[in-house]
1. Limited to the range 327-339, what total is found for residues that are closer than 18 Å to N232 by Cβ and part of a helix (DSSP H, G or I)?
2. If you go through the range 275-314 one residue at a time, how many are free of Cβ contacts under 8 Å to residues at least 24 places away in the same chain and in a loop (DSSP other than H, G, I, E, B)?
3. Only residues in the range 86-98 that are closer than 20 Å to D71 by Cβ count as the first member; pair them with residues that are of a type in the set (V, I, T) and part of a loop (DSSP other than H, G, I, E, B), Cβ under 8 angstrom, at least 6 apart or cross-chain, and list the lot.
4. For the range 102-123, check the following and say yes or no: at least one residue is touching a residue at least 24 places away in the same chain (Cβ under 8 Å), in a loop (DSSP other than H, G, I, E, B), under 23 Å from M330 (Cβ atoms) and of a type outside the set (A, V, I, L, M, F, W, C).
5. For the range 319-336, give me the residue count where each residue is aliphatic (A, V, I, L, M) and open to solvent by 10 Å² or more (accessible area, probe 1.4 Å).
6. Tell me whether the range 349-364 contains one or more residues that are modelled with pLDDT of 95 or more and touching a Ser or Thr at 6+ places or on another chain (Cβ under 7 Å).
7. I'm checking my understanding of the structure. Among residues of the range 116-137 that are out of contact with any Ser or Thr (no Cβ under 7 Å at 6 or more places or on another chain) and under 17 Å from F14 (Cβ atoms), which one is surrounded by the fewest Cβ atoms within 10 Å (Cβ to Cβ)?
8. Tell me which helices (runs of 4 or more DSSP H) are completely within the range 125-165 and hold 2 or more residues being at pLDDT 95 or above and either charged (D, E, K, R) or in contact with a Lys or Arg (Cβ under 7 Å, 6 or more places away or on another chain) (or both), or say none if there are none.
Amino acid sequence: MANSSSSHLVATLFYKSNQPNFFPHPDASPRSPTDALAPASLESLRDGGAPTDNLEEYPLEPPTPGPNPLDHLYGSYISQSCLTDFVVLLRDIIPGIEESGIAFRQLSEEKLARVVEVRFPTAGADLEVLRRNEHVSRFEREWNLEIVWQADTVHRRYKRLAVFDMDSTLIQQEVIDLIASLIGVEDQVSAITAAAMNGELDFEASLRARCKLLKGVPSSVWETLKVRITLNDGVPELITALKRLGFKTAVLSGGFTPLAEWMGQKLGLDYAFANHLVVSEDGKELTGELTGEIVHAEKKRQHVLEIAEKEGILLDQVVCIGDGANDLPMMGVAGLGVAFHAKPKVQMQAPARLNSKSMLDVLYLFGISKEEQEALLDSTKLS
């Protein structure tokens, strides 16, 4: 990643306010014989934590309650206890760090902070080591938060180009899966898509294999799909804020040109690149073939480099946001690469990960407070 040298680092702490780290235990509160029993559920073991989905295989008695998560004990927000513990963490993983050099900045005026920025001397610390440190991961789990680590350079605060993946990033859907659902081949296509996005299959080969399944789909399918596409939370607001800050913006999609260009126009993006599906000679249906260059991982990276050069923007001033393995190369050349609600393997490899409800939270990574974000989005303040 292209980062200028800096004497300080910044850790942005995001509390997972939409995913409270607390599940009531059956024995946690007094009951009377007339109380209705809660239905049996594996909810607390969701997201792959359950060894089996069959309730019959679980013991009849509930397990003994364990210690409460720290965020529940000290407050479902970033509490002072959490920040004190974070200083201890920094001292443990960065030998020689001067505690007097650690500064905290709450990124909202609310009493109960959801996002806090912590600035501290590098003291020889390596960003990649911090991002993958076992103690950091344990701290995140205990306090139910995520940490984004960055070098505290002027380019962190003053980005100029934002590049987005489209499917499952700007929008909630995977377009090729939507098309497949129209013709009843969604299971085959979804399986190939998942394997490709997790980096288990070559993207270009898997894309061509999926496109072959779309042979015969009416060429009017794009109009059919437009009403089914939903933007992710915070996307319109983020784009509006970025444009008011003078950003150039781009969408680089492994999907298809008609929808990528439509989305680019809808959001007012400066660039849109995607793949071209061949239409039959009579213009009525898709042939299942692709033409032109494929927007695969390396092509996305190349587009980022070319756009930055064309616009005269330093790579340190670029932020790339995506969710799949084919987004990692473009994240790697940017000043900041963000895996937004990404596949597990991508979250592990990306420079930063963000799983908050709204993509507008990306602005916090530039040090823009909640109140500043609201001012950016307040149309009444525009001259």
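The values are calculated or read from the model by the stated rules, or taken from the named source; none is laboratory data. Since we're looking at a predicted model, the values are computed, not measured. Here the Cβ positions follow ideal geometry from the backbone for every residue, glycine too, while neighbour counts run over all protein chains shown. Quick note on the areas: whole protein, heavy atoms, side chains included, nothing else; ligands and nucleic acids left out. Shrake-Rupley method; radii C 1.70, N 1.55, O 1.52, S 1.80 Å.
1. From the range 327-339, those closer than 18 Å to N232 by Cβ are 327, 331, 337-339; that's our starting set.
Filter again for part of a helix (DSSP H, G or I), leaving 327, 331.
Of the residues in the range 327-339, 2 are closer than 18 Å to N232 by Cβ and part of a helix (DSSP H, G or I).
2. So the answer is 5.
3. Filtered contacts from the range 86-98: V87/I102; L90/I97; L90/I102.
4. no
5. The first filter runs over the range 319-336 and keeps only residues aliphatic (A, V, I, L, M), leaving 319, 321, 325, 328, 330-331, 333-334, 336.
This time we only want the ones that are open to solvent by 10 Å² or more (accessible area, probe 1.4 Å), so: 325, 328, 333.
Total meeting the criteria: 3.
6. Taking every residue of the range 349-364 in turn, at least one turns out to be modelled with pLDDT of 95 or more and touching a Ser or Thr at 6+ places or on another chain (Cβ under 7 Å).
7. Step one: of the range 116-137, the residues out of contact with any Ser or Thr (no Cβ under 7 Å at 6 or more places or on another chain) are 116, 118-120, 123-137.
After this cut, where a residue has to be under 17 Å from F14 (Cβ atoms) as well, the list is 116, 118-119, 130-131, 136-137.
Working: V116: 23, V118: 20, R119: 15, L130: 17, R131: 18, V136: 19, S137: 12.
It comes out as S137.
8. Details: elements: 127-131, 134-143, 154-157.
Correct list: 154-157.
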